[in-house]
1. Collect the residues in the stretch 131-155 that are hydrophobic (A, V, I, L, M, F, W, C), out of contact with any strand residue (DSSP E or B) (no Cβ under 9 Å at 6 or more places or on another chain) and either under 17 Å from Tyr86 (Cβ atoms) or part of a helix (DSSP H, G or I) (or both), keeping them in residue-number order.
2. For the structure I just gave you, tell me whether Leu557 is part of a loop (DSSP other than H, G, I, E, B) and buried (at least 18 other Cβ atoms within 10 Å of the Cβ).
3. Return yes when Arg532 is basic (Lys, Arg), closer than 30 Å to Gly595 by Cβ and either open to solvent by less than 40 Å² (accessible area, probe 1.4 Å) or outside any helix (DSSP H, G or I) (or both) and no when it is not.
4. Given the condition among the β-branched types (Val, Ile, Thr), in a helix (DSSP H, G or I) and open to solvent by 50 Å² or more (accessible area, probe 1.4 Å), answer yes or no: does some residue in the stretch 289-301 qualify?
5. Taking the stretch 86-102 only, how many residues are loosely packed, with under 15 Cβ neighbours inside 10 Å and at pLDDT below 90?
6. For residues that are open to solvent by less than 50 Å² (accessible area, probe 1.4 Å) and touching a Ser or Thr at 6+ places or on another chain (Cβ under 8 Å), scanning just the stretch 64-79, find the one that is modelled with the lowest pLDDT.
7. For the stretch 459-473, how many residues meet the condition of being more than 34 Å from the chain's Cα centre (by Cα) and surrounded by 17 or more Cβ atoms within 10 Å (Cβ to Cβ)?
8. I need the full set of residues from the stretch 103-129 which are of a type in the set (Phe, Trp, Tyr) and open to solvent by less than 30 Å² (accessible area, probe 1.4 Å), in order please.
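The values are calculated or read from the model by the stated rules, or taken from the named source; none is laboratory data. Keep in mind that this is a model prediction, so the values were computed, not measured. A quick note on method: Cβ atoms are made from the backbone with ideal geometry, for glycine too, and the neighbour counts reach across all protein chains shown. With ligands, DNA and RNA removed, areas are computed over all heavy atoms of the protein, side chains included. Shrake-Rupley method; radii C 1.70, N 1.55, O 1.52, S 1.80 Å.
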Amino acid sequence: MAKLSTILDQIDAGTILLPEFQRGYVWNRDQVRGLMRSLYRGYPAGSLLVWETDAATAAVRGHTAGGDGGHKRLLLDGQQRITSLYGITRGRPPAFFDGDARMFTGLRFHVEEEVFEFYAPAKMQDDPRWIDVTALFTEGLEEPFRILAEHTEKHPLYAQRLLALQSIRDRNFHEETITGPDKTVDVVVEIFNKVNSGGTKLSKGDLALATICAEWGEARATMRAALDEWAGAGYRFSLDWLLRNVNAVATGRAPFHALADVSSDQFEQALTSAKKHISGFIDQVSGRLGLDHDRVLMGRYAFPVVSRLLHLNGGKFADAAERDRVLFWYVHSALWGRFAGSTETILAQDYDALTRDGIDGLIRNLSRWRGGDLVIDGQDFEGFGRGSRFYPLLYLLTRVRGARDFGSGLELKQEMLGHLASLQVHHIFPKALLYQDGYSRREVNAVANFCFLTQQTNLEIGKRRPEEYFHEVQEKHPGVLESQWIPTDQDLWRTDRYLDFLEARRELLAKAANEFLAELRDGSAPPAEPLRPLTVAGEDDSDDNRTRDVVALIADLTDLGCAEPERDAEVTDPDGRVVAVADAFWRDGLQPGQGEPVVLALDPHLDLPQLEKLGYAVFVSTDALRSFVKRRNQEAAGEESTDEAVT
């Protein structure tokens, strides 16, 4: 048994730490409230699992000074509870903290109702019975006693309750200890995953990185710094993704366990090289293809293949022709979901083809996998929403083929637009007009109904009919409609011919895409100055009730501690086939690493049994998902749920 105050002191002294392979803090505020409620009421606090080891066995996270001669006590099970209690009672996160400290700051205790809630000014500022829990632990009882004595006759009862709250520091936690020379990192990680069956699971990448961190403790922090740098440039990648690139450089193999034979020095060198390869290829993808922000970055898992190619090439493309052929392969591998299914299997095949025949081998591999020529058909642009694989291709064509703005007539390039360089997705046929005429959401949000305009032009067009504003565009700026692949048959500009318009525009888009990609493949694409990034602002969803509901749900769920989801995201099966387009998709669970992937899909024609069989938790209404999260959080806080059951 160990007293909480002793555990917290040991954290301060650096004798209780976290193993580096642990993921960060992921609890939400309701889980914190539930913990405090349980401890205050004297409910069981749960046990802790501690791994006792020496400095040579495992890397740790956070400050290590003050440790017992290199001897460490690493917290395997109980991180979320102990981190929350440390933050509440100390008023700051522990040195090993990695997460959002707002989840445990601002907690208040109501001495009359004996409930815990986070600070809400309108509700609490004029009621002295709401006691700042952190101040109670850090500053003592004198001030709350004084305030309560001045404002209430129940001071003695309230004082008793505050003493009971403060005595949480004296609660004992049962400790189980793992120790012994046979308890290697691999063994301990296996134990960790078993005891965390309902919590944060480690991925294969985490397991591989745990071994690396045992030799090079800065590995994870160095990788996080690289991820932060790319995020600052507008591209968000995962730790596993970066590790795949490092593995490609270090071993040329796909499975993470290949890193077991890589020394820490070799890993560090491979990481340095992978970072250079990735940054260099991002420059090409942005400057040559115009894919300059996260939403349009296609085929992320093609990057490890490119990292491997650049590694074999000594860090650079042989010439501009090879670069363009790699870009041709990259775009096609993304469009057809080459890496959407069994990633490691496909990577292994492509590494082999690359080693044998370079980029030519990759293109042949992809062509055989597709079962024919790499050609885009008009029907391929039938996707809808910004989660479609062909939405980035539309943006690419807009950037590289000189699409022009309807309002100014200028090409949509930063150096030409200047202060107007912020673009917006424009529905060519206004949404409200199409909904009014009975078209479905899929049809309204078809990729072929999108184009990119400056925000100013988008606002000026508003909800006008194409048959009205297209004539004005033609008169003021001849050729602009054609530059945006708009069919010039004026009969197609009417809403009753909308589906025919989509079909005609899809053919124009496919033709433009095939021409550009063929130029890349054949080395005939003319050299050009690198495209400078543009900003693409969110669209106005004021006339789309469904989208407004989803946006409101996401705001509510993030307030409740859930992660930000992907919007309009494709959901695939293990073979990479798209089985649904989710309105919102929590790929790593509502809280990262906790629970199964969650799909919100408001499409009534979903194959629900298939999605559930694939391991997705599926919700078909915003109310159902909102109720589920509230009920889950109420259960975490130990409260009665007032919501109706959700099936």
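1. Ala135, Phe137, Phe145, Ala149, listed by residue number.
2. No, not satisfied.
3. no
4. no
5. 2
6. Gly67
7. Matching residues across the stretch 459-473 total 4.
8. Residues satisfying the conditions are Phe104, Phe109, Phe116, Phe118.
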